[in-house]
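**Q** Take this structure, written in structure tokens, and hold onto it; I'll ask about it next.
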Amino acid sequence: MATSVDTRQLPTHMKGRDFLTFLEYSPQELQELLSLAAHLKKLKRSRTPHRLLEGRSVAMYFEKPSNRTRVSFEVGISDLGAHPFMLRKEEINLGIRETIADTARTLARYVDCVMIRTFAQKDVEELAEWSSVPVINGLTDDYHPCQVLADLLTVQERFGEFKGRKLTYLGDGNNMANSLMLGCAMVGMDVTIASPSGYQPRPDIVEKARTLAKESGATVAVSDDIKAAVKDASVLYTDVWASMGQEAEAEARKQIFKDYQVNAANMALALPEAIVLHCLPAHRGEEITADVLEKFADVIFEQAENRLHAQKAVMAAIIP
Ligand code: CP
Ligand code: NVA
């Protein structure tokens, strides 16, 4: 089918690359992905066909539950003219039924890209190492780069500029905190992670973010001082206190994180124009109060929508 997109404007220099953290991309390339995502969003809204990957196939493999990632990838792949299909855990059993290397080399003979959601980042990296087609990280215990690309698109839409703005994340120093630190540092937005001691992000990832921030002129802070963290923030961000795989710790974590809730009192310390973002799913009464979530529902569900556009940009840019 014909496309009305001027393909000469599409970046071609990222073809064949994986999307595993943000560290495979330069800040300039990240900006290019954001611009492409904004462009694809306009095309989608105007119902302009944009089948940039006609005839390709993309496999999706999930070892954890999903609503947003599953649906936005499946719709996005179809929008791009490619064929999406799901691989169930019981079928593939990554690293158990056969080696990850053999799974990767086999899949790469059939499909043009593999999107994977699993536990260990090292499994995704091993899959990517052996795969001759691009691998996209749809969430691991350590990173959630697709989510943060959508988050940055949402911030850019709301505020235009990243520089001079602060994003404050309240809660667990988890995959979201890690990817937010890297993403904000790359685009030049100040980022503060407020987490209790023992639950702060891994020091090596904080260091990576600080190195990136030095180049972009941003700051990266990690603290347990909630009030100082929230003060003057343009974006307050939160995520569940017990991530997928940590269900057994859920009750204990409610106590540990109880002061880190995004609520009206914390919002009052942020800038008057501040927005709240949440990657979802949300647990009302835990990491966010129902009233704050509903007050910011427009932007939070726009953020969820932006997963579609952001991931389409990644796929259009990297799938050869
Ligand atoms: N935010 C996010 O990744 O949502 P799902 O777990 O529903 O995919
Ligand atoms: N930290 C959460 C993010 C969900 C999108 C988890 O890993 O479950």
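**Q** Restricting to Cα pairs below 8 Å that are 6+ residues apart, what does the relative contact order work out to for region 50-194? Please round to a whole percent. Don't jump to the answer; show the numbers that get you there.
**A** On the way: 232 pairs, mean separation 26.9, N = 145.
Relative contact order for region 50-194 comes out at 19 percent.
**Q** Right, next: What length, rounded to one decimal in nm, is gained on full extension from Lys231 through to Asp102, with 0.36 nm per residue of separation minus their alpha-carbon distance? It would help to have the intermediate numbers written out before the result.
**A** On the way: separation 129, 0.36 × 129 = 46.44 nm, distance 5.05 nm.
Full extension from Lys231 to Asp102 adds 41.4 nm.
**Q** Farthest toward the dipole's positive end in region 164-219, which of Gly164, Leu182, Pro203, given Cβ charges of +1 (Lys, Arg) and -1 (Asp, Glu) about the Cα centre?
**A** Positive-end residue among those listed: Gly164.
**Q** What is the local net charge at Ser66, summed over the other residues whose Cβ is closer than 11 Å to its Cβ (Lys, Arg +1; Asp, Glu -1)?
**A** +3
**Q** Averaged over every viewing direction, what's the projected area of the C-alpha convex hull for region 82-165? Give it in nm², one decimal, please. Don't skip to the end; give the middle numbers.
**A** Numbers: hull surface 28.6 nm².
The Cα convex hull of region 82-165, projected and averaged over all directions, gives 7.1 nm².
**Q** Then there is this: In cubic angstrom, how much convex hull volume per residue do the alpha carbon atoms of region 1-81 span?
**A** Working: hull volume 9.5 nm³, N = 81.
Residue-normalised Cα hull volume stands at 117 Å³.
**Q** For the chain, compute Rg over Rh where Rg is the Cα radius of gyration and Rh is the Kirkwood radius from the inverse mean 1/r over Cα pairs. Intermediate values should be presented prior to the final figure.
**A** Working: Rg = 19.0 Å, Rh = 19.9 Å.
My calculation of the ratio gives 0.96.
**Q** Now, a different point. What's log10 of I(q)/I(0) for region 241-320 at q = 0.16 Å⁻¹, Debye sum over Cα points only, no solvent?
**A** Log10 I(q)/I(0), no solvent term: -0.74.
**Q** Hey, for a label at Val75 modelled as a point 7 Å past Cα toward Cβ, could you say which residues of region 296-313 have their backbone N under 17 Å away?
**A** Zone members listed by number: 298-313.
**Q** Could you give the size of the charge dipole of region 31-122 about its Cα centre, using +1 on the Cβ of each K and R and -1 on the Cβ of each D and E, expressed in debye and rounded to the nearest 20?
**A** On the way: 17 positive and 10 negative charges, 83 e Å.
Rounded to the nearest 20 debye, it is 400 debye.
**Q** Now a separate question. Pop the C-beta distance of Lys258 and Thr48 into the FRET formula with R0 = 51 Å and round what comes out to the nearest 0.05. Don't jump to the answer; show the numbers that get you there.
**A** Values: r = 48 Å, r/R0 = 0.93.
For R0 = 51 Å, the calculated efficiency reads 0.60.
**Q** Which residue, Phe19, Leu40, Leu94, has the largest displacement toward the positive end of the dipole of the chain when charges sit on each Cβ (Lys, Arg +1; Asp, Glu -1)?
**A** Result: Leu40.
**Q** If you don't mind, there's one more thing I want to ask. Go ahead and run the numbers for FRET between Lys214 and Ala120, Cβ-Cβ distance against an R0 of 30 Å, rounding to 0.05.
**A** Details: r = 30 Å, r/R0 = 0.98.
Calculated value: 0.50.
**Q** While we're on this one: Here is the link list: Lys41/Lys312; Lys44/Lys64; Lys214/Lys312; Lys42/Lys163; Lys42/Lys312; Lys122/Lys312. Which ones come out longer than 19 Å on Cα distance?
**A** Numbers: Lys41/Lys312 9 Å; Lys44/Lys64 28 Å; Lys214/Lys312 30 Å; Lys42/Lys163 24 Å; Lys42/Lys312 12 Å; Lys122/Lys312 25 Å.
As for pairs spanning more than 19 Å Cα to Cα, those are Lys44/Lys64; Lys214/Lys312; Lys42/Lys163; Lys122/Lys312.
**Q** Carbon and sulfur: what percent of the chain's accessible surface (1.4 Å probe)?
**A** Working: 6870 of 13370 Å².
Looking at the chain in its full context, I get 51 percent from C and S.
**Q** Ranked by accessible surface with a 1.4 Å probe, highest first, in what order do Val114, Val75 come?
**A** Values: Val114 5, Val75 60 Å².
These residues rank, largest area first, as Val75, Val114.
**Q** Between Leu23 and Ala265, take the C-beta separation as r, use R0 = 51 Å, and let me know the FRET efficiency to the nearest 0.05.
**A** Numbers: r = 36 Å, r/R0 = 0.71.
Efficiency at R0 = 51 Å is approximately 0.90.
**Q** So what is the accessible area of region 202-300 per residue, in Å², with the probe set to 1.4 Å? Can you show the working numbers first?
**A** Working: 4890 Å² over 99 residues.
Spelled out: the 1.4 Å probe surface of region 202-300, per residue, equals 49 Å².
**Q** How long is the gain from Tyr110 to Phe85 if the chain were fully straight, where each residue apart is worth 0.36 nm and the alpha carbon distance is subtracted? Display every interim value, and only then the final one.
**A** On the way: separation 25, 0.36 × 25 = 9.00 nm, distance 1.17 nm.
Difference between extended and current length: 7.8 nm.
**Q** For the chain, give the share of DSSP beta bridges that are antiparallel, in percent and rounded to the nearest 5; count only bridges with both residues there. Before the final figure, lay out each step's value.
**A** On the way: 0 of 33 bridges.
Taking every DSSP beta bridge within the chain, about 0 percent pair in antiparallel fashion.
**Q** Normalised by the residues of the chain, what does the relative contact order come to in percent, with Cα pairs under 8 Å and at least six apart?
**A** On the way: 622 pairs, mean separation 67.5, N = 320.
Dividing the mean separation by the residue count of the chain yields 21 percent.
The values are calculated or read from the model by the stated rules, or taken from the named source; none is laboratory data. The model shown is predicted, which means the values in this text are computed figures rather than measured ones. Quick reminder, even Gly has a Cβ in these numbers, built from the backbone with ideal geometry, and neighbours come from all protein chains shown. In case anyone asks, the SASA skips ligands and DNA or RNA and just uses the protein heavy atoms, side chains included. Shrake-Rupley method; radii C 1.70, N 1.55, O 1.52, S 1.80 Å.
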